[in-house]
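The values are calculated or read from the model by the stated rules, or taken from the named source; none is laboratory data. Quick caveat: nothing in here was measured; it's all calculated off a predicted structure. Because the Cβ atoms are built from the backbone with ideal geometry, glycine has one as well, and the counts that use them run over all protein chains shown.
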Amino acid sequence: MLVLSCLAYLGVALPGATLGLLWPSMAADLREPVGALGFVLVAGVATNTLSSLVAGRLRTPPRVLLAAGMAAIGVALVLEALAPALWVIVIGSAIFSLGFGAVDAVLNAHAAGHFGPRDITWMHAAYGIGAALGPLLVTGLREGVGWRGAMVALACPVAVVAVIVATRWRDKEKPRPARGGRGLLVAVAFSAVESGIEAAAGVWGFLYLTSARGLPAVTAGVAVSAYWATMVVGRGVLGVLAGRLGPRRILAAAMASVPLGALLMSLPGQFPAVAGLMVVGLATAPVFPLLALVTADRAAVSAQVAASAIGGAGLPAGIGLVIGAAGAWTLGPSLLVLSLAMYGISRAWGPTRRTPRP
């Protein structure tokens, strides 16, 4: 089941990180301002959150939810490829995120109940590989077949994976007690902040390195790519260590390392900036999959997935307002404040404490 889970996550990740690359061509073709992307993103975040929450409460077998979610992603991509106007793109984004949220929640909940630390982090590493390959694929296709052709091309592997999952996945759900009350609320807050840190570093890292630290554009681009690559490698390597040392020890080390990376980014100089960005990437890499592992309950994991979608969109947007008002140098201090808040939340929740897992 690990291979199928990795394949499913890689498949949905391929188109997941391509909108930013395709949007300038899409906006020009549809005669819309670049800022219209906001409508698309709002629709996506809303349905992603709703889908993640609902998927955790449904009694539908995971195989059905996964196949339906990936089918929705494929349909959305084709719909967007045929879109004559912005409103169709918005609907397509909503359908895409509806499917993506279900797949994300189901895969994480399944992995939390059936995988060990190594396997769940490897599954997330597969997602990182797909997220890296998608933009590369689109960059090559966009010049030849345009953004519409690229959308259709991305739908093809998603459809293939949907068929494989529908025919090969074997459901092995086992009941476990639900986590609720204050513990769940704190876990949700933690997931939102952690995902916000992870996304903000990647979204604003290029601007920070070029504008605030004076790196050449090419060097900054390589550094940001290395940030995402560090997360993939970190999930693979730290997943193995978590299997030997236990997920709670790795989580404790990550909680201490994220503020260190943000502190380095707050210092003057180019080397501390790049080094800090790498530390943040490495430290955050195993956090979300290991959190799902120590949570284990399907509904609770789904709530954390929904919170990560909100935090991953909302906190980078908030940091963007700070950067717009005060400058790109504020990225490091902003991440430092968030990382300290994350550490404080982790102490209230206790995912790094050596307590028996339910």
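Kindly indicate whether Phe271 is surrounded by fewer than 22 Cβ atoms within 10 Å (Cβ to Cβ) and part of a helix (DSSP H, G or I). Can you show your working first?
Values: surrounded by fewer than 22 Cβ atoms within 10 Å (Cβ to Cβ): yes; part of a helix (DSSP H, G or I): yes.
Yes.
Using the structure shown, decide if Ser52 is over 22 Å from the mean Cα position of the chain (by Cα) and not basic (Lys, Arg). Even if it seems obvious, please write down each step before you answer.
Numbers: over 22 Å from the mean Cα position of the chain (by Cα): no; not basic (Lys, Arg): yes.
So Ser52 fails the test.
From the residues in the stretch 145-184 that are in a helix (DSSP H, G or I) and modelled with pLDDT under 80, which one is nearest to Val203 (Cα to Cα)? Break it down stepwise before answering.
Residues of the stretch 145-184 in a helix (DSSP H, G or I): 145-168, 181-184.
Of the ones still in play, those that are also modelled with pLDDT under 80 are 181-184.
Working: Gly181: 33, Arg182: 31, Gly183: 30, Leu184: 28 Å.
The selected residue is Leu184.
Please verify whether the stretch 317-331 includes one or more residues that are surrounded by fewer than 23 Cβ atoms within 10 Å (Cβ to Cβ), at pLDDT below 85, of a type in the set (A, V, I, L, M, F, W, C) and not in a loop (DSSP other than H, G, I, E, B).
Yes: one or more hits.
Residue by residue, here is whether (1) basic (Lys, Arg); (2) in contact (Cβ under 8 Å) with a residue 24 or more places away in the chain holds:
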{"position": "Thr219", "(1), (2)": "no, no"}
{"position": "Arg235", "(1), (2)": "yes, yes"}
{"position": "Ala262", "(1), (2)": "no, yes"}
{"position": "Pro272", "(1), (2)": "no, no"}
{"position": "Leu277", "(1), (2)": "no, yes"}
{"position": "Gly281", "(1), (2)": "no, yes"}
{"position": "Leu290", "(1), (2)": "no, yes"}
{"position": "Gln304", "(1), (2)": "no, yes"}
{"position": "Ala317", "(1), (2)": "no, no"}
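Within the stretch 55-78, is there a residue that is modelled with pLDDT under 85, of a type in the set (Ser, Thr, Tyr), out of contact with any strand residue (DSSP E or B) (no Cβ under 7 Å at 6 or more places or on another chain) and in a helix (DSSP H, G or I)?
At the first step, the residues of the stretch 55-78 found to be modelled with pLDDT under 85 are 55-63.
Filter once more, so that each one left must be of a type in the set (Ser, Thr, Tyr): 60.
Imposing the further condition that a residue be out of contact with any strand residue (DSSP E or B) (no Cβ under 7 Å at 6 or more places or on another chain) reduces the set to 60.
Narrowing the set further to residues that are in a helix (DSSP H, G or I) leaves none.
No: zero hits.
List, please: which pairs have Cβ atoms under 8 Å, are six or more places apart or on different chains, and start with a residue in the stretch 16-33 that is closer than 11 Å to Thr139 by Cα and part of a helix (DSSP H, G or I) and end with one that is among the small types (Gly, Ala, Ser) and modelled with pLDDT of 85 or more?
If the second residue must be among the small types (Gly, Ala, Ser) and modelled with pLDDT of 85 or more, the pairs left are Leu22/Ala150.
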